[in-house]
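Read the structure below first, then the notes.
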Ligand code: OGA
Ligand code: ZN
């Protein structure tokens, strides 16, 4: 595809439509193109990156909208021959030596200048909560996932608070997988795709007893513990066994304010977590408050039943125990705990890496309690949340919508 400005081809290297926001000025500055808008926004784009993102002239494939240029084949003699804004507002870059005319949607360029291309964009920012802010779980109707605006409201609460509840759902055994399917594929584990929590099966974990479960996150024994967990109450005729939630973000903030050294120990000293079983041997070493690499979701590795070995110098172990005790004490205090009774037909969905969940003890001989549970990965739920948020704000791009 060479320098024809009237050839019809898509202007965006993705499948979104963008508001039409022509820049006021484009200036070539050596190997960079500076794209400026009248309100002061600016995108400084490197020539090779612009070339890679040109659609239909060898940069991005029209059908897949994925990049085509193997880095080994990047032309190091590439130069911007000329750049301009055409009469409609499209940014045109004429390349040397291959004579391609790259045409760029001004709204696509602008969304990068605005930071809306970043992974965290389109997702509601997390808001730390205590029981004062969240007396009740953020509750949504059983059919919220069936339509665009209710499901967006639900997923925004999920991103904001890391926790939502659906009430009045059917209690049939395949309902949970159906609900979860709205967000993406289930994350399978050694518990199975969908698992049961009840006291009358042979207990291979504390969950399947009537014992209290203190504030915890599931499967800190994995490099990437499951991102979200759903628990569906199918039967509950017991009087105890309340669901208990605390926001790890708020708990960590409080610990940092009260005792910065304890917070520092929990973010830096590691423990080996271990799921033991005849056929499994899952282990991971990480801190209790795990910040991961920049941009990783904050992960609380907080499940004492599977915390197996300190992985730190012996001198640090007493401090680590003291810090952990403080952390769990804060998490279990009424100020941070939101307790609610599980009614049959309730589904709670929460960020398993952020929210510490637990349950009160109950007497299995005084009634039945049966939950069904499943996991999903952050990646899938966040991808779905972005798509729902973008669809609600900007209609999906029809084939003709971004072709001029
Ligand atoms: C679990 C769990 C909560 C409950 O199975 O990991 O935390 O309410 N269960 O039984
Ligand atoms: Zn659990």
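Since every read-out is calculated from the coordinates, none of them should be taken as a lab result. On a predicted model such as this, the values are computed, not experimentally measured, just so you know. Positions of Cβ are generated from backbone atoms using ideal geometry, with glycine treated the same way; all protein chains shown enter the neighbour counts.
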Rel. contact order, % - alpha carbon contacts under 8 angstrom, at least six apart, the chain: 22
In degrees, nearest ten, helix 378-393 long axis to first principal axis of the chain (Cα): 50
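For the stretch 213-315, what class follows from the C-alpha gyration tensor (a ≥ b ≥ c being the square roots of its eigenvalues): rounded when a/c is under 1.5, otherwise prolate if a/b is larger than b/c, else oblate?
Oblate, because a/c is 1.5 or more while a/b does not exceed b/c.
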Amide N proximity, the stretch 54-83 versus residue 32 label position 7 Å along Cα-to-Cβ, cut-off under 19 Å: 78-83
Centre separation in Å (Cα based) which lies between the stretch 56-103 and the stretch 314-358: 52
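Could you tell me whether the stretch 142-242 comes out rounded, prolate or oblate from its Cα gyration tensor? Rule is a ≥ b ≥ c as square roots of the eigenvalues, rounded for a/c under 1.5, then prolate if a/b exceeds b/c, otherwise oblate.
Numbers: a/c = 1.71, a/b = 1.38, b/c = 1.24.
Since a/c reaches 1.5 and a/b is larger than b/c, the shape of the stretch 142-242 is classed as prolate.
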Cα shape, the chain, gyration tensor, a/c 1.5 rule: prolate
Förster-model FRET efficiency, 51 Å R0, residue 96 and residue 261, C-beta, rounded to 0.05: 0.30
Alpha-carbon centroids, the stretch 265-302 and the stretch 213-250: separation in whole Å: 17
Ranked 105, 182, criterion: other C-beta atoms within 10 Å, fewest first: 182, 105
Burial ordering of 350, 274, fewest other beta-carbon atoms within 10 Å first: 274, 350
Fewest-first ranking of 258, 159, using other Cβ atoms within 10 Å as the exposure measure: 258, 159
The chain: angle of helix 248-258 to the longest principal axis, Cα-based, in degrees nearest 10: 80
Beta bridge orientation in the chain: antiparallel %, DSSP, nearest 5: 95
0 to 90° range, to nearest 10: angle between helix 317-332 axis and the chain longest Cα axis: 90
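Calculated from DSSP H runs of 4 or more alone, at -39500 (n - 2.57) each and per residue, what is the 222 nm mean residue ellipticity of the chain, nearest 500?
So the helix-based figure for the chain works out to -6500 deg cm²/dmol.
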Mean separation of Cα contacts under 8 Å, 6 or more apart, over the residue count of the stretch 1-88: relative contact order %: 29
